[in-house]
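The values are calculated or read from the model by the stated rules, or taken from the named source; none is laboratory data. The shown structure was predicted, so the numbers you read here are calculated from the model rather than taken from an experiment. Note: ideal-geometry Cβ built from the backbone for every residue, glycine included; neighbour counts use all protein chains shown.
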Amino acid sequence: MAKLLVRNYLVFTSILLFVFSLTQTAFITIDESQKSGLSVFLLGPLGVLFELGAFFDFLMNLFHGRFNLSKIPSFISFVWLVNPILFFSWIMIKKNPKIVLILSLISMLLIVSFAVYGKVPTDEAVHYKCIKQLKFGYWCWFLSAFLMVLISFYKFVQSKKNSDEFR
């Protein structure tokens, strides 16, 4: 009972960290513009669509024999997909720990890739600006996903122990 309460508390903490990250500045670009977590969260799906458009444009140019190395899309906007993956992880944590562990690890890899890549698209033409500094909102978002990795790993190990006991 106590383990269940702690696990539920940690999932709730992960959700709270995510919500709190929306109220904070996520990063500052090289031109000193600050991006709030909420604006990145709300405009992120547009970035995914713009990146898809850039990808299809690249494919069409490639198909027509106009290969341009500088026009290869980066797909960095797909980092936004961490958000629905996290939502799904929160919902599925009690049902399938193996899937949640995989999804949580994917979330962490995407979040880290955002920090490593160091650029963000800033308009519909998919122009990029360098990230000057990651702020508190980013780190709360990171911790939210990291906490889900820990929870899901623990839950996965526990489910393996329980299934081994019944063999």
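Observations
- In the stretch 70-83, residue surrounded by the most Cβ atoms within 10 Å (Cβ to Cβ) [restricted to those that are of a type in the set (Val, Ile, Thr) and modelled with pLDDT under 75]: Ile76
- Identity of the residue in the stretch 84-111, surrounded by 15 or more Cβ atoms within 10 Å (Cβ to Cβ), assigned to a helix (DSSP H, G or I) and in contact (Cβ under 8 Å) with a residue 60 or more places away in the chain, that ends up nearest to the chain's Cα centre (by Cα): Leu86
- Residue in the stretch 34-69 that is farthest from Lys129 (Cα to Cα), counting only those that are at pLDDT below 75 and outside any helix (DSSP H, G or I): Phe67
- Check on Met108, under 15 Å from Ile76 (Cα atoms) and touching a helix residue (DSSP H, G or I) at 6+ places or on another chain (Cβ under 7 Å): yes
- Qualifying residue in the stretch 30-40 (condition: surrounded by fewer than 16 Cβ atoms within 10 Å (Cβ to Cβ), within 16 Å of the chain's Cα centre (by Cα) and within 19 Å of Lys119 (Cβ to Cβ)): yes
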